[in-house]
Every structure is written in C-alpha cells, then in structure tokens.
Amino acid sequence: MNVSAGEIAARARGEAEVIAEAQPEQPRVLLVDDDDRNLLAVSNTLDDLGEVVTARSGEEALRHLLKGEFAVILLDVYMPGMDGYETAQIIRSRDQTKGIPIVFLSAVNKETEHLLRGYAMGAVDYVFKPVDPVILRSKVAVFVDLFAKSKEVERKARYEQALLDATLRANSERLRAEQELRRAEQRQAAIIQSLPMLLYLEPYDRSPRRPDYVSGDIKAITGFTFEQVTKRPEIWVERLHPEDRDRVLASLAIRQEKGRFSVEYRWQIADGSYRHFLDQAVLLKDSDGRAVEFAGTLTDVTDQRSLESQLIQAQKMDAIGKLTGGIAHDFNNLLAAVIGGLGLLDKRVDFEEEHRRILAMTKRAAEQGSELVRRLLAFARRQTLEPHAIDLAKLRDAVWDLLTHTLGGLVNIEWRASEDMWPAFADQAQLELALVNLIINARDAMPAGGTVALLMENRELPADNWAGVPAGDYVLITVADTGTGIATDELEKVMEPFFTTKEPGKGSGLGLSMVYGFAKQSNGAFRLSSELGVGTTAELWLPRAPEGASVEDKVPLRQTQHRSAPRTLRILLVDDHEGVRSTTAAVLADLGHEVIEAASGTDALSTLKSGDCAFDLMISDYAMPQLSGTDFLRHAREICPDVAALIITGYAEAEAINDRPEGVEVLQKPFTPSDLECAVSRVCGST
C-alpha cells in the first residue's frame, strides 16, 4: 500500500499533537509516619500540591516505591521496626529510587551528629516536629515543581522528537521546536551553574583526555578556565593525587571497552589544595552504532566525604572509648585483688631479703598496671575529675618538677605565656600529667635534641568552631617540637589506645589517647598537626574558669592526713567480685575490724531488713548487677540512717558517682591496704 509523503507528514503531525495534548500525570508525595495523626495532618496540608500516598512503616513505603514514581519522600526518623535511617539507606541503594529527594521528619535529635547521619543516609533536608505548615508546603512545593518540570521536559522531548519527524517539510514547526529546546537548555544550564558539578563531552579516542564542551562553572570548581584546560590537556593527569593516579588511569584505560566510566579521586585545584571529584561518563554512539564521544559529569564531593569522615571518626572513637572503659573496670577489680593480696603477704609474712625484693618488684608491676588503667579511663572519659580554677603561672614549676630527671640535657623547654592569662577550669593533677605526656612525646621525636616550645594564650571560640565545643573563652596550651613528625595516614590513629609510632618496647600508645580523653571530659578539645621532617604541634584547649572561682591547691585524696579509728569497727562489705571482696575483708580484719560480707546489694539489704543495723560502716562496690552501690546505699540509709558509708569503684561515670548520698566518700580501685585504712579512718573519724 502506497502512502504519500504528505500523508506521512500529516500522520506525524497528528501523533505530535496527541503527545502535546496529553495531560501530565499528577506528582505524588510519599508520606511515611507510624502516627495516624501526623499522616492526617500532613496529608491535609499537602493535598492541593499533588497526590499524597501514606505509609505507616518503612516496609510499606518500600512497597509503594515499587509501584510508581514520587516527587519527594517525607520520612519520619523514629519508627518501630525499620527506622527512617535504615529506610533511607535502602531507598538510596536502589537504582530506581536513589534519585528521589528525602526530607526527614524528626521530633528530636537536632544535634550535629544526628543531622550528619541523616545527610550521610541521603537526606536533602530536615523538618522538625511540630511541623510548620507554611514551611513544609514551601519545601515540598519545590520538589513537586521540580518533578513536574522534569516530567514536562520529558513530555516535551517526546513532542520535539515527533516534530523532528514531521519537520522534513515543516520548517516553521522545526524552528519552534528548536526554540523550545534552547529554552530548556538555558534552564538546565542555570541549574547546573549553581551546582558543584560540570557536564562535559569528550571525544571517544582522544589522548590525553580533553573535553570539547563543558557546561557549568569550571573556574569555581577547579580554579582553571576552560581555555587553560584546552591549552594544556596534560594538566588533568599532572594534578591527580599521587596515591590515586595509577588507579584512575587504569579505570580510564578500560572505559572504551566497558562503554562507561565512574571513579572518585583527589585532584589538586589551582590554589594547591586537593578536592574530591566523582567523575562519571557514558559512551554515546551514532545512528550506525559507531562510538562518537563520552558524555559525563564531574561532581565535587569534598564536603560529603569530609562529613562522612568526621562521622566515622566520631563513631570509632566513641566505640573504642566504651570498650576501653569496660576493660579498665575488669582490670581494676583484678588489680585490686592483686595489690590487696600483696599487701597482706607483706604484712603477715616475714620474708627474706631476696624474697622481699621479688615482692617489691611484683607490687611495682601491679602499680604500673594501675597507672595503665588510669590512662585507659582517661581516654574513655570515665575517670573521676575534680576540676577547679588553675593558676597557669604556677603550672610551670609543677610540671618542671615532674620532668627534672626525665628530659636529659639535649632537650630544652621554652615557656611562653601571654600577659593576664585566664585561669583554666580543669583537674590540675590530670592537666600536669597531660603536659608531661606531650613534652615527653616531643622529646622522643627529637633524638638528636632540640627545643620544645610551650605557649599559653587566651583565645575565644565562635559558635561554629572546628572542635564542636560551646562558644566562649578558652585557654590554649600549645606544645610544639621540631622533630621527626607524623605521617598523614597515621595522624588520625595516634590518639587511639595502644597505637604508637615508636619502636616496639618504647611506648604504650596511651599518652596521646589519655590527653585526648582528658580534654574531652574537661569540656575542651585536643588537636594535632604534623609534617614529616618538620615537627608536630599539639593544641590543648581548656575552658576558662567561671567568674569568682577560687584557685585551690588540692591535696590528693590518698595523701590526706587522717587520724586512726577510735575503736574496732563492725563493717558491712558489699562487692560482687569474690576476689576483691575476700582480699578487702582480709585487709579490714588485719586492721582489727569485724567484717560481714555480702555478694550483692540485695543480699546486704536483706541483712539490714532483718533488723541488724549494728554496723559502724558500710563499704559497697559501685558497679554491681541489678543494684548499683549508690542505689544500695540510698535504700540502706532508709533502713539504717546513721551508719557511715564508703563507695569503692574500679570504673564508673563521674556523674553517676557524684549522684551518691550525702557524706559518702569514694575510694578508687585498685587501692593499697594503707589507702583503705586512711579512707576508713576519715569516714568513721567524722561520725
């Protein structure tokens, strides 16, 4: 059957008219919330913007996504079963849904780390409950409009294709289609110009690679103009990060075979800094199937990678802190039994001189273990601090006394302090220990000798600061050396427990981790910067002491003078660790006291409830299952209100110990028999 050219053109025009007259589909919004009231309220707010599809769980939302497209997803963060974060992660992992914008709805967790987690999961925005209808409508309207316009572009593209078939003899229609296409390109160019992204076209077999066309603000992203890039095509390879170059060039070599290219790398921009770029491209072919060029995008993902790195590092350090805190608790119980047992042996057995040296050596090893545990607790931020105002002018003498026999003659300390230094608010003993650790690390980094510069100055931090600490006045203590320096890939690891850059046997790997934990627990910050062969600078930021805070000279608890107990005491001893309980009971018995033992707070309360309140002192471990030491003493005080009390602990949050009943003292494990005797005398001597 013969069909004239006129009929073909008329038919093509008819098809184009049908496409042009087709009604665009109504944009759909997916609302996910387990609360029916929220679903109803938000649906009523958005019903005139598009079709609102509701889901009461993450699973139901995923089923809806399999059935059609959505302009935007409003996703509640906290839901039973699959929460918002997990749902968002699954949505982003699927090719057919990863491009849908996600807006999180949250009633809590406005902290930075939760926002970072949401953005890391793929969120483009947050809306906090109770939802402001105007704000919600404006945010959703943007995505609905963008979706509608994208569908409009697709519809017009089909329309323009039909016109191209019909415009063989219809120049006027062809001109109109070109004008529509030009306007669409202008809109797309305006959007691309505002994004950290470039679109490029690159010939299929060009070497070295150089694009013929680039859309976007190339100078803002790379620091170079398009003309500079075309004149020096080798610039792309030259500025690849050395660690990424081989991997990227290998991916580039096989892109012609695969027909696609996707690789992330670091690239040195014009100012000398490195940015993270995601480079993706697909191969375009002509009508005969011959390869023509690669069409690709170059996206600056530096900010995303930085946020991801910060989040991962924060999560890692928190997990390590919890682990080390738990280990420290177990070690303290073991060391308490060891040190107590050694004290009993020393008191009860008349050793020969050689055996006494062995005993002293063993006690010293146990004390070193105790110091190791204290450093673990410092990193885990679980040690009990006694912060007060510290006169930094007097700190030099205290630290110098600790270092007199340690530094040696090759290292000199240069102290510099600003005039009118503010007092710092921290635990002085821990601050002195932190400075000693930093100075010794600086000494070890300069085996041939040198100068350690220690600078103290008053500084202010704004609200949006690098450390994430509250805005305000801080005292900055800087310790700088001109030593060997630390490699970039090791800089983030040096504050983790047991990681050390020193040779085996020359470092425990706990010095910097202790300083980091002390700074964090003191509501301050710690930062390291280093360059190989140049040196290392450590910054310790501590909050300024509040107005009116007096400068105190604290005497360590275990050095406090005491008077002997006036009489033999009847003591109720509560500890769930059998070894510590038995050793402590034996020490108390050696001191002449009568000891009643209990393996738990519940057992001890049963003894008290039986009517036996004839105790002079109650000694309780803090961390016990079911009933903690502080909870036990609160109940015990209700039954026997006049009995003195003492808490012994190997590990506990400082805030939890501070919440103890009034008049209850704390003795840290591991303790020596003399430490225990002093504590008992202090507590009972005051009653």
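The values are calculated or read from the model by the stated rules, or taken from the named source; none is laboratory data. All figures in this text were calculated on a predicted structure; none of them were measured in a lab. Positions of Cβ are backbone-derived with ideal geometry, glycine not excepted, and every protein chain shown enters the neighbour counts.
Some points to look at:
- So Lys149, is it among the basic types (Lys, Arg) and within 19 Å of Val52 (Cα to Cα): yes
- Taking every residue in segment 124-143 that is assigned by TED's automatic domain parsing to the domain that holds Leu46 and surrounded by 15 or more Cβ atoms within 10 Å (Cβ to Cβ) and pairing it with any residue that is assigned to a helix (DSSP H, G or I) and small (Gly, Ala, Ser), at least 6 positions away or on another chain, the pairs with Cβ-Cβ distances below 9 Å are Tyr126/Gly118; Val131/Ala41.
- Condition met for Ala295 (in contact with a Ser or Thr (Cβ under 8 Å, 6 or more places away or on another chain), at pLDDT 85 or above and over 25 Å from Leu116 (Cβ atoms)): no
- Residue check for Gly118: farther than 16 Å from Val52 by Cβ and surrounded by fewer than 16 Cβ atoms within 10 Å (Cβ to Cβ): no
- Residue among Thr584, Thr602 that is polar (S, T, N, Q) and more than 30 Å from Lys347 (Cα to Cα): Thr602
- Residues (over 26 Å from Cys678 (Cβ atoms) and either among the aliphatic types (A, V, I, L, M) or assigned to a helix (DSSP H, G or I) (or both)) located in segment 609-630: Lys609, Leu627
- Residues satisfying the stated conditions in segment 509-536, i.e. among the aromatic types (Phe, Trp, Tyr) and at pLDDT 85 or above: Phe526
- Against the list (1) out of contact with any Lys or Arg (no Cβ under 6 Å at 6 or more places or on another chain); (2) modelled with pLDDT of 80 or more, the condition Val373 fails is (2).
- Residue in segment 93-147 that is nearest to the chain's Cα centre (by Cα), counting only those that are part of a loop (DSSP other than H, G, I, E, B) and over 28 Å from Arg305 (Cβ atoms): Ala107
- Looking only at segment 411-462, and only at residues there that are under 31 Å from the mean Cα position of the chain (by Cα) and of a type in the set (D, E, K, R), the one that is surrounded by the fewest Cβ atoms within 10 Å (Cβ to Cβ): Glu460
- Any chance Lys506 is surrounded by fewer than 16 Cβ atoms within 10 Å (Cβ to Cβ), closer than 26 Å to Asn412 by Cβ and either hydroxyl-bearing (Ser, Thr, Tyr) or modelled with pLDDT under 85 (or both): yes
- For the residues Val103, Val52, Val72, Val77, the requirement of being of a type in the set (A, V, I, L, M), under 20 Å from Val127 (Cα atoms) and in contact with a Lys or Arg (Cβ under 7 Å, 6 or more places away or on another chain) singles out Val103.
- Evaluating Glu386 against the criteria (1) touching a helix residue (DSSP H, G or I) at 6+ places or on another chain (Cβ under 7 Å); (2) surrounded by 12 or more Cβ atoms within 10 Å (Cβ to Cβ); (3) at pLDDT below 75 leaves one unmet condition, (1).
- Candidate set from segment 209-226 (those that are in contact with a helix residue (DSSP H, G or I) (Cβ under 8 Å, 6 or more places away or on another chain) and in a loop (DSSP other than H, G, I, E, B)); member that is surrounded by the fewest Cβ atoms within 10 Å (Cβ to Cβ): Thr225
- Among the numbered conditions (1) modelled with pLDDT of 85 or more; (2) over 36 Å from the mean Cα position of the chain (by Cα); (3) closer than 23 Å to Leu335 by Cβ; (4) outside any strand (DSSP E or B), the only one that Ser582 does not meet is (1).
- Residue that is in the same structural domain as Phe615 (by TED's automatic domain parsing), modelled with pLDDT under 85 and over 33 Å from the mean Cα position of the chain (by Cα), where the choices are Ser681, Ser674: Ser674
- Within segment 431-454, tally of residues that are closer than 12 Å to Leu403 by Cα, out of contact with any helix residue (DSSP H, G or I) (no Cβ under 6 Å at 6 or more places or on another chain) and without any contact (Cβ under 8 Å) to a residue 40 or more places away in the chain: 1
This table checks each residue for (1) at pLDDT below 85; (2) closer than 16 Å to Val680 by Cβ; (3) touching a Phe, Trp or Tyr at 6+ places or on another chain (Cβ under 7 Å).
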site	(1), (2), (3)
Ala538	no, no, no
Leu542	no, no, yes
Glu547	yes, no, no
Ile571	no, yes, yes
Leu588	no, yes, no
